1. Of the residues that make up the stretch 207-214, is at least one in contact with a Leu (Cβ under 7 Å, 6 or more places away or on another chain) and either at negative phi or touching a residue at least 40 places away in the same chain (Cβ under 8 Å) (or both)?
2. When the stretch 123-147 is examined, which residues are found to be among the basic types (Lys, Arg) and either under 14 Å from Ala111 (Cα atoms) or not in a loop (DSSP other than H, G, I, E, B) (or both)?
3. For the stretch 254-277, enumerate the residues that are modelled with pLDDT under 90, over 19 Å from Thr366 (Cβ atoms) and surrounded by 15 or more Cβ atoms within 10 Å (Cβ to Cβ).
4. Can you tell which of Val165, Val181 is farther than 27 Å from Tyr267 by Cβ, part of a strand (DSSP E or B) and not small (Gly, Ala, Ser)?
5. Need the failing condition index for Asp324 against (1) among the acidic types (Asp, Glu); (2) over 16 Å from His298 (Cβ atoms); (3) exposed (fewer than 15 other Cβ atoms within 10 Å of the Cβ), just the number.
6. Restricting attention to the stretch 74-103, and to residues there that are free of Cβ contacts under 8 Å to residues at least 24 places away in the same chain and of a type in the set (A, V, I, L, M), which single residue is surrounded by the most Cβ atoms within 10 Å (Cβ to Cβ)?
7. If Tyr267 satisfies every condition in (1) free of Cβ contacts under 8 Å to residues at least 60 places away in the same chain; (2) out of contact with any Phe, Trp or Tyr (no Cβ under 7 Å at 6 or more places or on another chain); (3) assigned by TED's automatic domain parsing to the domain that holds Ala297 but one, which is the exception?
8. Please specify each residue of the stretch 199-232 satisfying the condition of being closer than 22 Å to Val91 by Cβ and either outside the structural domain of Val87 (by TED's automatic domain parsing) or surrounded by fewer than 14 Cβ atoms within 10 Å (Cβ to Cβ) (or both).
Amino acid sequence: MRKENIEQRLRHEFSDIAPNRLDEVLAAVDALPENGGTVIDFTQTAKKRRSPLKAVLSAAATLLLIVGAAGLYANLSADRYIVAVDVNPAVELRVNGFDRISAVTLKNDDAKTLISEDDLKGKTVSDAVDTLTEKLCGDGYLNENSNGVLVSVHGGDDALCSKIVSSIEKATERAGFNYAVLYQSLDDDADGKAELIAKLDGRFDDLSIEELSKLSVQELIFLAESLDSLPDKTELYGKLNGYLSAEDAKHDAGVDSASATQSIIRYAEQLAYEIVYTENGTTHKYVVSASTGEVLAHEKHGNSSSGSPGKNNSKNDGLLSADDILKIFKKTFGFVDAVLDDVHVTRSMRNGEPVYIVTYKVFGVTRSAVFDARTAEILSDIG
């Protein structure tokens with residue numbers, strides 16, 4: 001407030017005061033400097049009263065922010081994907097919205113021996129799959145000749161698939177061999193291996209669902225790969241090792257007939273190609289191991305009227321029949337039907353001589369015996 005304003009204000013305020021000392025006060029005002037002095041502001045700034053409505057709205061906004069943040073955290077912490085990794089050890093990983101493993105289930109004894117839940121829990125899905133694959137390689141479950149991994153995912157997307165496959169690829173590369181991943185998408189949290197078996201059921205004439213259930217993950221992936229088209233919602237990444245193609249199996253059996261047909265069967269506790277062709281009125285059937293290429297059995301069936309179709313004519317070729325060998329086998333080893341299971345008698349060649357191979361299971365143990373097809377002499381008894 002300037003000096004002239006002060007004087008005017010004082011005259012008004014002192015007009016009713018007695019004794020009148022206005023002149024003294026004004027003289028003091030005259031003594032104030034004209035410029036550069038301290039300006040005194042007598043006006044009082046009234047404090048603004050805060051609106052109650054604004055306070056309520058501000059508190060509500062803060063509460064909404066807190067609740068929203070808590071809800072977002074809860075949503076991201078919840079399980080978003082289920083990833084099951086099967087080789088023979090079977091491990092289930094639950095992945096939350098932070099891409100972290102929230103829970104681990106070791107689904108069989110091999111898995112519990114292989115790794116602990118703490119080794120995987122809290123890691124990103126990429127790191128967890130890498131750690132798990134590294135353990136599978138280190139303990140021999142994955143190797144150059146058995147490199148198949150079944151990955152079953154519920155709720156995943158392409159980005160998750162890429163992370164998982166890449167982690168398996170890197171871990172197997174460090175171990176010195178290539179990878180093969182059969183990746184299947186599931187509509188629910190069903191068991192991955194059981195789901196694959198259900199998809200393969202009915203696709204192979206000679207393999208029942210009971211036979212399929214006995215197979216390893218590696219064998220199941222081989223079957224899926226051998227189909228003209230993969231089962232629904234499955235993709236194969238990499239290359240499966242350890243198995244021959246059908247053409248290679250024909251070559252190993254010495255079969256070059258264009259009319260030869262082949263199918264995959266389970267023979268002597270392993271997967272094999274059954275190759276059948278007819279030449280000069282004689283039907284040949286070869287059984288070739290799908291993994292080693294070894295000829296496991298060879299049968300010839302003539303179409304002449306002197307013999308029954310599908311059976312060897314022992315009168316003409318001097319060979320014992322399969323039924324004869326089976327009777328001799330039971331008598332030699334003292335077996336009765338009650339203790340035997342999965343008995344198969346097939347004729348083959350060994351060192352150019354005809355033999356019968358008897359494969360059987362007794363008290364849960366698979367064994368085989370080889371007999372001379374003419375004399376029934378036991379050539380070997382393999383446990």
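The values are calculated or read from the model by the stated rules, or taken from the named source; none is laboratory data. Computed from a predicted structure; not experimentally measured. So basically every Cβ, Gly included, is an ideal-geometry build from the backbone, and we count neighbours across all protein chains shown.
1. Yes, the stretch 207-214 contains a residue that is in contact with a Leu (Cβ under 7 Å, 6 or more places away or on another chain) and either at negative phi or touching a residue at least 40 places away in the same chain (Cβ under 8 Å) (or both).
2. Residue satisfying the conditions is Lys135 alone.
3. Val255
4. Of Val165, Val181, the one residue that is farther than 27 Å from Tyr267 by Cβ, part of a strand (DSSP E or B) and not small (Gly, Ala, Ser) is Val181.
5. All conditions pass for Asp324, except number (3).
6. My answer is Leu76.
7. Of (1) free of Cβ contacts under 8 Å to residues at least 60 places away in the same chain; (2) out of contact with any Phe, Trp or Tyr (no Cβ under 7 Å at 6 or more places or on another chain); (3) assigned by TED's automatic domain parsing to the domain that holds Ala297, only one is false for Tyr267: (1).
8. Scanning the stretch 199-232 gives Ser213, Lys214.
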